[in-house]
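Below is one structure, written out as C-alpha cells; comments come after it.
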Amino acid sequence: MHLKRVMLLHEKFPTKEFYPFNLEILQRTKRIEFKSPVTFFVGENGSGKSTLLRAVSHKCGVHIWHGETRRRFEKNMYEDKLYRAIAIEWIGDAVPGSFFASEHFQDFAQLLDEWADETPDILDYFGGKSLMTQSHGQSILAFFKARYEREGIYFMDEPETALSPRSQLELLKLLDTMGKAGHAQFVIATHSPILLSCPDAVIYDFNRVPIREISYEETEPYRIYRDFFREMEKRFSRGEEMFAERSTK
C-alpha cells in the first residue's frame with residue numbers, strides 16, 4: 001500500500017456548471033479511502049470514474065501518456081482540471097508509477113520501436129520482443145508483466161477493452177499476485193466482471209451518490225452478466241424441451 005486516501009476539495013471547484021465539476025457525485029463525495037492493494041472504480045460512462053482516476057494519477061506525479069492531439073469543435077476548459085481540486089495522502093513516501101489507457105498504448109508501442117532501433121536493449125524491459133510484432137492483447141500483457149513487477153502505484157483506465165476474456169484472467173492473476181507481494185498498488189476503472197472478481201479488492205460505485213464501497217455481487221457488470229447467463233440457460237433449457245417433445249412425435 002502506498003496511497004492512503006484522496007480528498008475532494010469542494011471549495012476549490014472553479015465551477016459547478018461544467019464537467020466534471022457539475023457532477024453531483026463529485027460535489028457530494030468528500031473522500032475515498034484506499035484499504036487494499038487493488039481498488040476498482042465502477043460505474044456508467046460519464047459517471048466521472050475515469051476523470052477522477054486521471055486526476056488522482058496526475059496528483060500522484062504519474063505521467064499520463066498522450067498521443068497526437070486532435071482539434072475539437074468545442075473544448076471544455078475545465079475537463080482536465082480536477083486534479084487542482086483534490087488532495088492526496090500517502091502511506092510513507094511517494095512512489096513512482098504509471099498510467100495505462102488502451103487508446104494511447106499503440107502510440108507508445110510505436111515510439112518504443114523507434115527507441116529500440118538505436119538502443120535494442122530497451123526491449124529487454126518488455127520481454128525482449130517488439131510490442132509491435134505481437135497482437136494488441138499480447139503486447140499489452142507483455143507490458144503489464146514487465147511494468148508491474150516493480151514497486152509503485154499503477155493506474156489503469158478500462159484495460160479490458162483490448163483484452164480477450166482469457167487475457168483478462170491473466171491480468172486478474174497478475175493483479176492478485178502483485179498486490180499480495182506488497183510492493184504494488186493498483187487503482188483501476190473498469191466494466192469487467194472478470195477483473196472485478198479480484199480477491200480482497202475494494203470496489204467503489206460511481207453510480208451512487210456519494211461514491212461508496214460495494215461488494216462484487218452488487219456491481220452492475222456482475223448483475224448484468226449474471227442475469228444474461230440465467231436467461232440464456234432458460235432459453236437453452238426450453239429449446240431442449242421443445243426438441244425432446246418433437247422427437248417423440
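The values are calculated or read from the model by the stated rules, or taken from the named source; none is laboratory data. Predicted model only: the values in this text are computed from it and were never measured. Glycine also receives a Cβ, built like all others from the backbone with ideal geometry; neighbour counts cover every protein chain displayed.
Couple of notes before you dig in:
- Pairing each residue of the stretch 162-183 that is charged (D, E, K, R) with any residue that is modelled with pLDDT of 90 or more and surrounded by fewer than 15 Cβ atoms within 10 Å (Cβ to Cβ), provided the two are 6+ apart or on different chains, yields C-beta distances under 9 Å for ASP176/PRO199; ASP176/ASP200; LYS180/PRO199; LYS180/ASP200.
- Candidate set: the stretch 64-97, residues that are small (Gly, Ala, Ser) and part of a loop (DSSP other than H, G, I, E, B); chosen: the one modelled with the lowest pLDDT: GLY67
- The lone criterion from (1) over 20 Å from ARG5 (Cβ atoms); (2) among the polar types (S, T, N, Q); (3) crowded, with 18+ Cβ neighbours inside 10 Å left unmet by THR177 is number (3).
- For the residues ARG246, ARG150, the requirement of being modelled with pLDDT under 90, of a type outside the set (Phe, Trp, Tyr) and not in a helix (DSSP H, G or I) singles out ARG150.
- Per the conditions (1) surrounded by 17 or more Cβ atoms within 10 Å (Cβ to Cβ); (2) closer than 28 Å to LEU3 by Cα; (3) modelled with pLDDT under 85; (4) more than 18 Å from the chain's Cα centre (by Cα), the sole criterion not satisfied by TYR125 is (1).
- Residue check for TYR225: of a type outside the set (Val, Ile, Thr), surrounded by 14 or more Cβ atoms within 10 Å (Cβ to Cβ) and over 17 Å from the mean Cα position of the chain (by Cα): yes
- The condition of being of a type in the set (Phe, Trp, Tyr), at pLDDT 90 or above and touching a strand residue (DSSP E or B) at 6+ places or on another chain (Cβ under 6 Å) holds for only one of PHE21, PHE34, that being PHE34.
- PRO14 more than 27 Å from PHE100 (Cβ to Cβ), part of a loop (DSSP other than H, G, I, E, B) and touching a residue at least 24 places away in the same chain (Cβ under 8 Å): yes
- Subset tally (residues that are under 16 Å from TYR78 (Cα atoms) and either surrounded by 17 or more Cβ atoms within 10 Å (Cβ to Cβ) or under 15 Å from the mean Cα position of the chain (by Cα) (or both)) for the stretch 21-46: 4
- Check on GLN106, assigned to a helix (DSSP H, G or I) and modelled with pLDDT under 90: yes
- Listed by first and then second residue, the pairs with beta-carbon distance under 8 Å, at least 6 apart or on different chains, first residue in the stretch 48-65 and among the basic types (Lys, Arg), second in a helix (DSSP H, G or I), are ARG54/LEU82; ARG54/TYR83; LYS59/TYR83.
- Scanning the stretch 1-11 for residues being over 18 Å from the mean Cα position of the chain (by Cα) and in a loop (DSSP other than H, G, I, E, B) gives a total of 1.
- Residues being at pLDDT 95 or above and either hydroxyl-bearing (Ser, Thr, Tyr) or out of contact with any helix residue (DSSP H, G or I) (no Cβ under 7 Å at 6 or more places or on another chain) (or both) - total across the stretch 37-48: 1
- Which numbered condition THR161 fails, given (1) farther than 20 Å from GLY97 by Cβ; (2) buried (at least 19 other Cβ atoms within 10 Å of the Cβ); (3) under 16 Å from the mean Cα position of the chain (by Cα): (2)
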